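*Asks:* Got a structure for you, written out below as structure tokens; questions coming shortly.
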Amino acid sequence: MFEQSFKNIDNILHTDSGCGTELDYVEQTSWILFLKYLDDLEEDKKKSATLSGKKYKYILSSEFRWDTWACPKDANGKLDHDKALSGDDLNDFVNNKLFPHLKKFRSEEPSTIEYKIGEIFHELKNKISSGYKLREILNVVDGMHFRLYEEKHELSHLYEAKIAKMGNAGRNGGEYYTPRPLIRTIVRTVNPKIGETVYDGACGSAGFLVEAYNYLTQNQSKLSSKEMDILQNKTFFGKEIKGLAYIIGIMNMILHGVEAPNIRHMNTLAENINDIQEKDRYNVILANPPFGAGIGKEIQQNFPIRTGETAFLFLQHFIKILKAGGRAGIVIKNTFLSNTDNASVSLRKLLLENCNLHSVLDLPGGAFQGAGVKTVILFFDKGTPTKKIWFYQLNLNRNLGKTNSLNEKDLEEFVKLQKTKANSANSWSLDVSKIDQNTFDISVKNPNKNDEVVLREPKEILEEIWNLDKESEKILENIKKII
């Protein structure tokens, strides 16, 4: 229904001087789609209120509703060209009246959709420099309606496709995107249930939260109104530090059906994990935290195991904030399983002693488009120590890439075997009592592939060389002082 409309919008943005990348296309398409979606949502709520004999109070005042400023209609329901703003007049209204008005909603209660509107428009700005181009886009979007289930479903599907394109547009976008077939597999494996809380402390575009919502509402017709209320308001929680990812995450959840997402714009790692109390904990954690060194010492002070590696700090946060008996599926670099530095060894020891790391999914290179690192998925339950780890190595007969991306069929065998932790050519179990109790090395070594050599990433080797050089320099300085 909407695929051609999305293409038309991209074509218009491509010719506007204010939008230069896929990131801009997603950002600018998002706020316009959101306001049209909000208008349809309000009309649905008004209809429901009328049927119940109640009067509906609009979120937006009449001046700022879609049919007033974006696409006013004449008596025949056609665009009223006399009233429809365009050019400089349109841009002036959007930049100096509409956006400032919407920002004011930030003063509302954080759990409301009004507050989310304020958050969205506090972070965004209109980058479409031509008011005439903006008029063209508004006309296209006006022809899109999001009131029927099928319409909302296609909108969410196409929006995910746009986020995927954004994810491959460059480093800034790629940090937000995890392949959806992989997310769906992780969600199925962790198996969240209605009544449990689901958390992602590095939620990006909210892919894990969206897929968890889809998983729990796949039989939506059988859910009671109480269950739907729980899913809407008491189930999904996220945090995100980057502005664009935060905004797209909120809109992604709203466009998928969660009206007031519990996503906070904050630095998760700035919280001292010793301050986390039982009331702050969650039943299920699903996440792909960012990788990379360079976290400052002031942030590292918030963690018992201090390291500059972002993902290792996040893993400590996740272990701490998971409820006893809670379940997690976390993406992390495969070198975490074998690195010999103190932080890695200490973190593996912490994980194995405090959680049951029952399954590890080892992914091939190329699973994450544009990312040079190999990754594994850690599946663990909190509260009992690990005795046995089941490994599954995803061995494909093709190289993964842009035109050959990971799909759910690739992961079918993992899903099937993981239920019983069965051994196969690609899977095996490791008795933790037999690993080196000094290094806690649990690296992926498939016993069915004797010729396999586990190699470290070049970046890891260079970082270790750099650290060793620094240590050598300090030793030489001390020797000079003695001499």
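*Asks:* Using Cβ contacts closer than 10 Å as the measure, can you line up Thr235, Thr68, Thr335 from fewest to most?
*Replies:* The most exposed by this proxy come first: Thr68, Thr335, Thr235.
*Asks:* While we're looking at this one, here's another question. Which pairs break 29 Å Cα to Cα here: Lys46/Lys239; Lys47/Lys165; Lys125/Lys239?
*Replies:* Lys46/Lys239; Lys47/Lys165
*Asks:* Would you mind ranking Ser221, Ser433 by Cβ crowding within 10 Å, fewest neighbours first?
*Replies:* Least to most surrounded, the residues fall as Ser221, Ser433.
*Asks:* In sequence order, what are the phi-derived ³J(HN,Hα) couplings for region 255-269 according to the Karplus relation 6.51 cos²θ - 1.76 cosθ + 1.60 with θ = phi - 60°, rounded to whole Hz, with x for glycine and proline?
*Replies:* Values, residue by residue: 5, 8, x, 8, 5, 10, x, 8, 10, 10, 8, 6, 8, 4, 6 Hz.
*Asks:* Only one of the values (i) 25.0, 95; (ii) 21.4, 67; (iii) 25.8, 85 was calculated from this structure for Rg and Dmax of the Cα atoms in Å; name its label.
*Replies:* (i)
*Asks:* Let me ask something else. If the chain between Leu223 and Asn267 were fully stretched, how many nm would it gain, using 0.36 nm times the residue separation less the Cα-Cα distance?
*Replies:* 12.4 nm
*Asks:* Same structure, new question: Under a plain spin-label model, where a point goes 7 Å from the Cα along Cα-to-Cβ, how far apart in nm are Lys193 and Asp80?
*Replies:* 5.5 nm
*Asks:* Of the beta bridges DSSP finds with both residues in region 172-452, what % are antiparallel, to the nearest 5?
*Replies:* 55 percent
*Asks:* Still on this model: Return the percentage of antiparallel bridges among DSSP beta bridges fully within the chain, rounded to the nearest 5 %.
*Replies:* 55 percent
*Asks:* Could you order peptides 69-77, 290-298 by the average number of other Cβ atoms within 10 Å of their residues, highest first?
*Replies:* Ranking, from highest mean packing down: 69-77, 290-298.
*Asks:* Could you go through region 183-196 in sequence order and give the Karplus-derived ³J(HN,Hα) for each residue, using 6.51 cos²θ - 1.76 cosθ + 1.60 with θ = phi - 60°, rounded to whole Hz, and x for Gly and Pro?
*Replies:* Ordered by residue, 3J(HN,Hα) equals 4, 4, 5, 5, 4, 4, 5, 6, 6, x, 10, 4, x, 8 Hz.
*Asks:* Same structure again: Rounded, prolate or oblate for region 172-452? Axes are the square roots of the Cα gyration tensor eigenvalues, ordered a ≥ b ≥ c, and the cut-off for rounded is a/c under 1.5.
*Replies:* Rounded.
*Asks:* So how much slack lies between Glu3 and Asp469, counting 0.36 nm per residue of separation and subtracting their Cα-Cα distance, in nm?
*Replies:* Length gained, Glu3 through Asp469: 162.3 nm.
*Asks:* Only helical DSSP H runs with n ≥ 4 go in: add -39500 (n - 2.57) per run for the chain, normalise by residue count and round the 222 nm mean residue ellipticity to 500 deg cm²/dmol.
*Replies:* Theoretical 222 nm ellipticity from helices: -13500 deg cm²/dmol.
*Asks:* A further question on this structure: Between the helical axis of 113-123 and the dominant principal axis of the chain, each derived from Cα atoms, what acute angle in degrees is found, rounded to the nearest 10?
*Replies:* With both axes taken from Cα atoms, the answer is about 80 degrees.
Taken together, the values in this text are just the output of simple stated rules run on the coordinates, not laboratory data. Fair warning: this is a prediction, and the values are worked out from it, not measured in the lab. Cβ coordinates were reconstructed from backbone atoms using ideal geometry, including for glycine residues, and neighbour counts include every protein chain displayed.
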